[in-house]
Amino acid sequence: MQLKTWITTLALALSLAACQKPAEKTAAAPQGVDAARLIAADTNGEWLSYGKGYSEQRFSPLTQISAENVGQLGLAWSAQFDTDRGQEATPLMVDGVLYTTTAWSKVYAFDAKTGAAKWAFDPKVAGQKGFDACCDVVNRGVAIWKGRVYVGTLDGRLIALDAATGKPVWTVQTTDTAKPYTITGAPRVIKGKVIIGNGGAEYGVRGYVSAYDADSGNMVWRFYTTPNPTGAADNAASDKIMASRVSATWFGEGWKESGGGATIWDAMAYDPQLDVLYLGVGNGSPWNHLKRSDGKGDNLFVSSILALKPDTGEYVWHYQTTPGESWDYTATQHIILADLNIGGAPRKVLMQAPKNGFFYVLDRTNGQLISANNYVPTTWATSVDLRTGRPIENPAARYANAPSLQMPAPFGGHNWHPMAFNPKTGLVYIPAQEVPFAYTNAAEYAYRPGAWNIGLNFLANALPTDKAVMAGLKSMIKGELIAWDPVAGKARWKVQHPYFWNAGVLTTAGNLVFQGTADGRLVAYDAKNGTKLWETPTGTGVVAAPATYMVDGKQYVSVAVGWGGVYGLSQRATERQGPGTVYTFAVGGTAPMPAFVAYRMAKLLQGVSYDPAKVQAGTLLYVANCVFCHGVPGVDRGGNIPNLGYMDTTFIENLGKFVRKGPAMARGMPDFTGKLSDDDIDSLKAFIQGTADAIRPK
Ligand code: CA
């Protein structure tokens with residue numbers, strides 16, 4: 001393929017792919033966070049779990065900050081972290097202490113009123129582990145239970161910390177360290193058990209979720225989401241359902257090499273009355289169903305919502321959003337539990353807007369589908385059949401014989417960024433996006449341990465290279481905040497953002513919706529109609545969701561800011577890149593905002609001497625090793641990882657010193673010693689400089 005054609009193709013592929021009264025203040029120490037208090041957190045002014053309480057509604061009944069006075073919101077305090085990678089955590093606030101995490105699974109405790117640092121804990125994840133993280137070295141937060149704080153680390157550990165001191169109490173390795181498992185999600189604690197999943201399906205792992213005793217760290221149960229490739233029983237909670245229903249939905253050999261995926265890397269919710277734990281399950285591994293399962297079978301529990309008993313891991317029910325999933329359409333997205341009046345009857349529902357673009361309302365007592373309307377354009381399927389619960393697919397969507405340009409992209413109509421449900425407006429606020437992507441079957445796919453194994457050809461000339469068509473495709477990209485009526489199954493209002501990959505959402509009884517943006521703002525909207533009421537610049541792009549809480553009679557809004565995630569690695573929507581920062585706002589707050597930092601980027605690379613004959617070899621090496629973090633040289637302009645087309649000439653001339661045990665290893669740069677030869681590095685230089693030269697305006 002011509003270099004220029006390839007560059008535009010890849011650039012586009014990547015850029016595309018790319019109410020009760022609030023609780024009285026309690027004087028109890030965090031020792032007091034028990035089952036009753038966690039259950040109460042759903043309806044009071046506390047924020048005790050990732051999604052606030054077990055229902056994960058991210059709705060606060062606090063009204064001190066309201067649509068009337070939000071214009072007077074000002075900074076109460078802020079604190080900066082030692083990393084500029086993505087910040088995805090939602091802070092927890094317990095008895096006047098704010099607990100949050102940062103990239104690299106570090107944990108921090110602050111005085112929630114003043115921001116005074118109480119303690120910090122660094123699990124010292126090796127920088128090399130960053131290579132196993134498809135979607136940045138992020139962490140979404142902690143769980144708290146009886147005087148301890150629990151964090152899952154990028155390298156698969158679950159660590160219990162003393163909430164008062166930050167000192168580790170126990171540590172367990174929840175994963176096989178020889179495999180590319182990662183943990184980025186927040187644990188939850190249910191009745192004295194810490195529930196934790198993991199990720200890694202892009203590289204090739206077998207998904208599961210585990211429960212550990214909060215006191216001792218001993219494993220209580222484990223539930224696998226794909227069959228054991230050896231055919232043996234696992235001696236796990238999933239054994240019975242595997243044998244009776246799951247194994248028969250898998251075919252061929254592809255999944256046996258990769259483990260099949262179906263990782264549980266984010267969503268969890270719990271209904272204490274029904275005593276059922278709900279989990280979101282991720283995409284298949286490899287993505288391509290033809291490669292994974294010979295194009296046959298539903299592949300349970302890929303892209304499913306799974307209901308289990310929290311004491312034993314016993315299977316209760318499942319609902320598969322995308323049978324035979326082939327597009328990275330995970331159903332790990334945020335799950336919200338609520339009681340809605342549907343057709344004149346109260347229903348206990350579960351709501352999810354998974355990547356595939358349909359908004360699902362299920363009866364959470366039995367998993368029965370109530371409704372599934374599309375919240376963004378869904379060209380892969382026209383609708384969901386309410387009788388069978390299955391999508392009605394566009395036959396071309398499986399890209400068996402030809403590429404399929406479709407929506408949503410692997411980015412999803414909605415990704416991990418939390419939604420919020422406001423019982424007063426009856427609306428779910430979805431951080432949504434419309435991004436097209438061309439799915440292309442990899443003619444030659446071979447599983448490579450530890451590498452990207454998706455079974456798609458990112459290099460194929462899959463997309464039109466005609467400039468007008470490309471401009472048309474780019475104009476299809478949207479980032480939006482959708483206020484979704486889950487009973488009517490339609491949007492009530494939308495806010496269009498300048499870019500996609502915007503932040504998670506918070507809603508309150510003060511008739512407010514808070515959301516950060518990719519272009520570096522925190523915004524408050526009227527929850528009823530979407531009118532913008534307040535905004536503040538944040539110095540860098542926001543992806544995490546805010547939390548709100550009351551301390552000593554005063555309401556605060558806290559948000560962790562730091563651009564990142566899979567899109568944020570190589571792309572950005574601001575000209576700033578500050579360190580990760582937690583900002584805490586209050587009405588009348590007068591603390592000064594920290595100084596914002598300009599994004600550092602050299603001019604388009606010039607002057608590295610290279611052999612044009614090596615560009616083609618360099619292209620393949622670059623795609624295999626560099627592109628998912630660094631983007632396309634000169635075409636992309638860098639995210640929280642620099643673009644190599646905008647580096648100083650001397651840096652690229654000395655590329656070998658950076659790729660083999662280089663100085664950026666602690667920041668997550670892999671060590672390519674023994675993997676890239678001198679000749680390979682010359683080819684990479686040829687590709688990087690050749691690409692920069694090819695796109696330089698004449
Ligand atoms: Ca995925």
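The values are calculated or read from the model by the stated rules, or taken from the named source; none is laboratory data. These numbers were taken from a predicted model, which means no experiment stands behind them. Positions of Cβ are backbone-derived with ideal geometry, glycine not excepted, and every protein chain shown enters the neighbour counts. Note: areas computed on protein heavy atoms with side chains; ligands, DNA, RNA excluded. Shrake-Rupley method; radii C 1.70, N 1.55, O 1.52, S 1.80 Å.
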If you take the residues in region 558-607 that are assigned to a loop (DSSP other than H, G, I, E, B) and of a type in the set (Ser, Thr, Tyr), which one is most open to solvent (accessible area, probe 1.4 Å)? 590
Go through (1) more than 26 Å from residue 172 (Cβ to Cβ); (2) open to solvent by 20 Å² or more (accessible area, probe 1.4 Å); (3) of a type in the set (Ser, Thr, Tyr) one by one and return the number of the condition residue 66 breaks. (2)
Of the residues 184, 165, only one is more than 16 Å from the ligand (Cβ to nearest atom) and either in contact with a Phe, Trp or Tyr (Cβ under 6 Å, 6 or more places away or on another chain) or open to solvent by 10 Å² or more (accessible area, probe 1.4 Å) (or both); which? 165
Every pair of residues 6+ apart whose Cβ atoms lie under 7 Å, when the first sits in region 663-687 and is at positive phi and of a type outside the set (S, T, N, Q) while the second is modelled with pLDDT of 90 or more and crowded, with 21+ Cβ neighbours inside 10 Å: 668/130; 668/137
Would you mind stating whether residue 132 is open to solvent by 10 Å² or more (accessible area, probe 1.4 Å) and under 29 Å from residue 675 (Cβ atoms)? yes
Scope region 483-520; condition assigned to a strand (DSSP E or B) and within 23 Å of residue 550 (Cα to Cα); matching residues: 505, 506, 507, 508, 512, 513, 514, 515, 516
Subset of region 406-441 (residues that are at pLDDT below 95 and surrounded by fewer than 19 Cβ atoms within 10 Å (Cβ to Cβ)): none
Residue 71 vs (1) part of a helix (DSSP H, G or I); (2) open to solvent by less than 20 Å² (accessible area, probe 1.4 Å): all pass except (2)
Condition test on residue 226, is it within 16 Å of the ligand (Cβ to nearest atom), assigned to a loop (DSSP other than H, G, I, E, B) and more than 23 Å from residue 125 (Cβ to Cβ)? yes
Please go through region 256-285 and pick out each residue that is more than 15 Å from the ligand (Cβ to nearest atom) and under 30 Å from residue 359 (Cβ atoms). 268, 269, 270, 271, 272, 273, 274, 275, 276, 277, 278, 279
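Yes/no per residue for (1) on the phi < 0 side of the Ramachandran plot; (2) among the aliphatic types (A, V, I, L, M); (3) within 15 Å of the ligand (Cβ to nearest atom); (4) part of a loop (DSSP other than H, G, I, E, B):
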residue	(1), (2), (3), (4)
287	yes, no, yes, yes
292	yes, no, yes, no
299	no, no, yes, yes
306	yes, yes, no, no
310	yes, no, no, yes
313	no, no, no, yes
316	yes, yes, no, no
327	yes, no, yes, yes
Can residue 127 be described as surrounded by fewer than 21 Cβ atoms within 10 Å (Cβ to Cβ), more than 16 Å from the ligand (Cβ to nearest atom) and within 29 Å of residue 411 (Cβ to Cβ)? yes
Is there a residue being within 20 Å of residue 454 (Cα to Cα), buried (at least 18 other Cβ atoms within 10 Å of the Cβ) and within 16 Å of the ligand (Cβ to nearest atom) anywhere in region 355-365? yes
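To keep it simple, each residue is scored yes or no on (1) buried (at least 24 other Cβ atoms within 10 Å of the Cβ); (2) more than 25 Å from the chain's Cα centre (by Cα).
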position: 260; (1), (2): yes, no
position: 268; (1), (2): yes, no
position: 271; (1), (2): no, no
position: 276; (1), (2): no, no
position: 281; (1), (2): yes, no
position: 284; (1), (2): yes, no
position: 289; (1), (2): yes, no
position: 296; (1), (2): no, yes
Tell me whether region 198-206 contains one or more residues that are at pLDDT 95 or above and more than 16 Å from the ligand (Cβ to nearest atom). no
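Are any of the residues in region 410-432 in contact with a helix residue (DSSP H, G or I) (Cβ under 7 Å, 6 or more places away or on another chain) and under 19 Å from residue 480 (Cα atoms)?
The answer is no, given that none of the residues of region 410-432 is in contact with a helix residue (DSSP H, G or I) (Cβ under 7 Å, 6 or more places away or on another chain) and under 19 Å from residue 480 (Cα atoms).
Would you check which residues across region 498-520 are of a type outside the set (Gly, Ala, Ser) and surrounded by 23 or more Cβ atoms within 10 Å (Cβ to Cβ) and list them?
500, 501, 502, 505, 506, 507, 508, 512, 513, 514, 515, 517
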Within region 335-343, is there a residue that is modelled with pLDDT of 95 or more and within 16 Å of the ligand (Cβ to nearest atom)? no
Taking region 663-698 and keeping only residues that are outside any helix (DSSP H, G or I), surrounded by 18 or more Cβ atoms within 10 Å (Cβ to Cβ) and small (Gly, Ala, Ser), one is left with 668
Where a residue in region 241-266 is in a helix (DSSP H, G or I) and its partner, wherever it lies, is aliphatic (A, V, I, L, M), with Cβ under 7 Å and at least six apart: 245/300; 246/300; 249/300
Restricting to region 107-130, name every residue that is among the basic types (Lys, Arg) and under 25 Å from residue 592 (Cβ atoms). 113, 118
